[in-house]
Amino acid sequence: MADESVLPADAPVPDAIVRSVLIKASAETVYAVVREPGWFINDGEYREHKIVRHGTVTEVIDPVHGRFQLGIEAQEAPYRIFFRWLGGGLGEISDAPNNTVEFIIDPAGTAKKNLVRLTVCERGFAKLGLDEPVRRRNYEENFRGWEEQLEVARALAEGGRRTDDEDDEE
């Protein structure tokens, strides 16, 4: 049930969320999905974002949720990408505590069958400096949200994704 807590009432808020999903696609296909800054900012259905790059910081503008700043900390195509992100409205990425979001793609199939495990690890809840109830609410919303977003990634990777070349043909 969505309203039930994912944490016991007396448990401290963990620093990290780790969630995984199996996807019937190649690591390269899944990486093409998760390397897009902010692909996971949505309501369970992928929508394109306006992406504006400011040096090492990328601003993602979502028509529903507003502006978010992300920095790519590391990438090892096609198996890992690591973002640092700061929610919209809080200032520059370097001005406030922020979370990190790492996507890891591990082969889970065989040479004849493309299957990968996509794992997301969001870290940094302990240092956000918000009071405990706010930190708990944010953690629980994101915990549920990652399940939804991993399903979006699965649908995009398994169902095929439009490429820039396909967009140009219209």
Formal net charge of residues neighbouring SER26 (Cβ-Cβ distance under 12 Å; K, R +1; D, E -1) = 0
Simple spin-label estimate for GLU147/GLU76, 7 Å along Cα→Cβ, in nm, reads 3.0
Working out 0.36 nm times the residue gap between HIS65 and ALA155, then minus their Cα-Cα distance, what length gain in nm do you get to one decimal?
-> 30.3 nm
Pulled fully out, how much extra length does the chain show between ARG137 and THR56, if you take 0.36 nm times their separation in residues and subtract their Cα-Cα distance?
-> 26.2 nm
Mind giving me the nanometre distance, one decimal, between the label points for ALA11 and LYS113, set 7 Å out from Cα along Cα→Cβ?
-> 3.2
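Since every read-out is calculated from the coordinates, none of them should be taken as a lab result. Because the structure is predicted, anything quoted here is derived from the model rather than measured. When we count neighbours, we look across all protein chains shown, and the Cβ atoms used for this are built from the backbone with ideal geometry, even at glycine.
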